[in-house]
1. Counting only residues that are over 21 Å from residue 43 (Cα atoms), in contact with a strand residue (DSSP E or B) (Cβ under 6 Å, 6 or more places away or on another chain) and touching a residue at least 12 places away in the same chain (Cβ under 8 Å), give me the helices (runs of 4 or more DSSP H) lying completely in region 303-368 with at least 2 of them.
2. When you scan region 286-300, how many residues do you find that are at pLDDT 95 or above, assigned to a loop (DSSP other than H, G, I, E, B) and surrounded by 14 or more Cβ atoms within 10 Å (Cβ to Cβ)?
3. Can you tell me how many residues in region 74-95 are within 14 Å of residue 49 (Cα to Cα) and part of a helix (DSSP H, G or I)?
4. Check residue 51 against each of (1) at pLDDT 95 or above; (2) surrounded by fewer than 19 Cβ atoms within 10 Å (Cβ to Cβ); (3) not in a loop (DSSP other than H, G, I, E, B) and name the one condition it does not meet.
5. Sort out for me the strands (runs of 3 or more DSSP E) sitting completely within region 146-217 that have 2 or more residues that are free of Cβ contacts under 8 Å to residues at least 60 places away in the same chain and buried (at least 16 other Cβ atoms within 10 Å of the Cβ).
6. Going through region 261-283 one residue at a time, which ones are part of a loop (DSSP other than H, G, I, E, B), in contact (Cβ under 8 Å) with a residue 60 or more places away in the chain and surrounded by fewer than 20 Cβ atoms within 10 Å (Cβ to Cβ)?
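The values are calculated or read from the model by the stated rules, or taken from the named source; none is laboratory data. Bear in mind that the values here come from a model prediction, so they are computed numbers and not experimental data. Note that each Cβ is placed from the backbone with ideal geometry, even for glycine, and that neighbours are counted across all protein chains shown.
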């Protein structure tokens with residue numbers, strides 16, 4: 001009987017050692033770049049991500065805004081590519097940053113736009129340097145609709161008229177949402193005034209408010225002269241007749257000319273590409289420095305936990321490339337007035353580093 005027990009224990013020990021060895025081999029394989037490279041994306045995701053679900057947190061609490069729209073379209077395709085259930089969670093910037101700070105196993109990632117770094121440059125609470133606090137992932141898409149508008153009966157036809165008026169001593173009020181995409185255009189205009197009319201830039205006055213509807217209402221009520229706007233939200237008001245209190249006109253689109261040229265030929269609403277190009281650089285010039293005009297594309301990109309495993313980062317980078325190789329998704333984004341703009345992690349980090357530095361120079365110049 002004792003001999004049988006010993007044989008049983010020895011056998012059990014061999015089995016346990018075998019399982020441990022298999023586990024070690026699996027773990028080793030998970031870290032072996034060559035082995036992973038030979039696998040499909042689904043196989044890599046199964047091995048590297050410990051859950052069947054992937055949570056994509058976004059820096060917005062709205063499920064109707066552009067951040068959710070882009071993220072949801074990308075997430076659906078990402079789920080197919082990874083073989084995971086990928087869902088978007090509109091938790092807002094603070095909660096989104098907190099989520100990716102806590103979870104490093106690849107089951108939670110973030111999609112946000114330029115406010116991720118602009119909030120830090122404008123010293124808003126809860127924002128930190130994205131390059132030292134997180135891993136910056138691939139870029140995904142551009143919203144080309146970032147703009148500024150005035151009443152249709154305004155004397156300002158373009159932002160150049162605003163700059164000239166302010167330089168000549170006129171006080172102009174602009175409604176913006178502080179600390180992000182809304183404010184960088186205001187800062188750029190103020191910087192241009194400082195360059196061309198030193199000392200007069202204080203005549204460009206920011207009126208801080210919240211949502212697009214809040215900014216619109218200030219313009220309707222005559223409380224401000226110009227508002228930060230978007231083609232998607234405000235084009236409907238540009239179609240109204242001059243005598244309508246809500247009638248607006250665009251006076252500046254901040255996007256690069258090459259960005260607008262990538263939109264659908266039909267443009268958006270009543271605005272075709274030709275209409276849009278009339279309001280971008282170089283047709284409308286807001287100098288950033290002595291060599292170039294200011295432009296700004298509102299861009300969406302991924303963010304990961306600072307210490308997330310290198311193979312997980314590679315997985316998401318490769319998965320994003322596969323997502324944007326799908327012509328159906330590309331057209332879906334374009335139909336929704338977004339520009340597909342995948343850049344892999346290496347290119348994205350270089351590009352965004354340069355972009356941050358350029359806008360930091362503008363913001364810093366206004367503090368001098």
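1. It comes to 345-365.
2. Qualifying residue count for the region: 6.
3. Here is the first cut: in region 74-95, the residues within 14 Å of residue 49 (Cα to Cα) are 78-79, 81-86.
Still in the list and also part of a helix (DSSP H, G or I): 78-79, 81-82.
Total meeting the criteria: 4.
4. (3)
5. In region 146-217, the matching strands (runs of 3 or more DSSP E) lie at 172-176, 204-208.
6. 262, 264
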